[in-house]
1. Can you give the longest stretch of the chain with no exposed loop site, where a site means trypsin sites (Lys or Arg not before Pro) in a DSSP loop (not H, G, I, E or B) with at most 13 other C-beta atoms within 10 Å?
2. Would you mind checking the tilt of helix 2-42 against the longest principal axis of the Cα atoms of the chain, expressed as 0 to 90 degrees and rounded to 10?
3. Round to the nearest 10 and give me the degree value, 0 to 90, for the angle of helix 88-120's Cα axis relative to the longest principal axis of the chain.
4. Can you tell me the dipole magnitude for the chain around its Cα centre, using point charges on the Cβ only (Lys, Arg +1; Asp, Glu -1), in Debye to the nearest 20?
5. Per DSSP H run of n ≥ 4, the term is -39500 (n - 2.57); total these for the chain, divide by its residue number, and report the mean residue ellipticity at 222 nm rounded to 500 deg cm²/dmol.
6. Using every Cα-Cα pair within the chain, state what percent have a distance larger than 20 Å.
7. Among Phe158, Val90, Ala138, whose Cα sits farthest toward the positive end of the charge dipole of the chain (+1 at Cβ of Lys/Arg, -1 at Cβ of Asp/Glu, about the Cα centre)?
8. Using the Karplus curve 6.51 cos²θ - 1.76 cosθ + 1.60 with θ = phi - 60°, work out ³J(HN,Hα) for each residue of segment 47-56 in order, rounded to whole Hz, and write x for Gly and Pro.
Amino acid sequence: MQGALRMTVRVVDGINWLVGWLLAALMLVMTVLISWQVFARYVMGNSLSFSEEVSRFSMVWMTMLGAAYAYRYGSLISVDLFESLSGPRVSRLLRIVVAVASCIFAWVLLTQGLDITQRVAMQVAPSTRISMGWLYAAMPAGAGLVLLNAIGILAEDFAGLRERFTDPEDDPHRTPLHEGGST
């Protein structure tokens with residue numbers, strides 16, 4: 001059982017590693033397109049017809065996938081007053097309750113997202129002529145990643161992997177946001 005839980009955590013973390021690179025690539029695409037758009041419009045007097053649309057699509061995908069990615073690493077804003085005031089057992093119980101609630105929310109968002117994606121699949125974006133289904137697919141993709149990450153968090157808790165980090169510096173889920181850093 002412990003081996004399966006540890007494998008689940010490794011698989012989820014591997015998927016998140018790939019998502020992290022995808023987020024970086026989307027940010028790069030968006031930055032290059034917007035920079036080129038500004039240059040083309042104000043220096044050359046002509047703008048690209050598709051850059052704003054592709055940038056908007058990238059932003060939607062970055063938002064949905066980025067929120068799920070941030071959830072995995074505890075980087076989303078949260079009210080952790082109860083967790084900080086409670087002992088380790090209650091803190092663990094609260095994490096489990098939040099992860100289960102996240103699973104339920106993600107499942108609803110996933111099923112409804114798939115439904116709306118299918119409904120808009122025949123519509124096309126004006127500039128790129130890409131199916132709007134690709135834009136709306138960000139919702140079920142992000143929800144699916146939230147679901148996987150919540151399962152990963154539950155697997156971590158049940159395998160006892162969260163408690164092994166006695167020094168906060170050793171916790172791989174600790175981000176610069178925990179130290180109040182800006183990077």
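Just so it is clear, none of the values below were taken in a lab; they were calculated from the coordinates. From a predicted model like this one, the values you see are computed outputs, not experimental measurements. Every residue, glycine as well, gets a Cβ built from its backbone with ideal geometry; the counts of neighbours run over all protein chains shown.
1. Working: sites that count: Arg129, Arg164.
Answer from the scan: 1-128.
2. Compared with the principal axis, the helix lies near 30 degrees.
3. Helix 88-120 and the main axis of the chain meet at about 30 degrees.
4. Numbers: 13 positive and 14 negative charges, 93 e Å.
Using only the charged Cβ atoms, the result is roughly 440 debye.
5. Details: 6 runs with 128 residues, N = 183.
That calculation yields -24500 deg cm²/dmol at 222 nm.
6. Details: 10441 of 16653 pairs.
So the portion of pairs separated by more than 20 Å is 63 percent.
7. Ala138
8. Values per residue, Gly and Pro as x: 10, 6, 7, 9, 5, 5, 5, 5, 5, 5 Hz.
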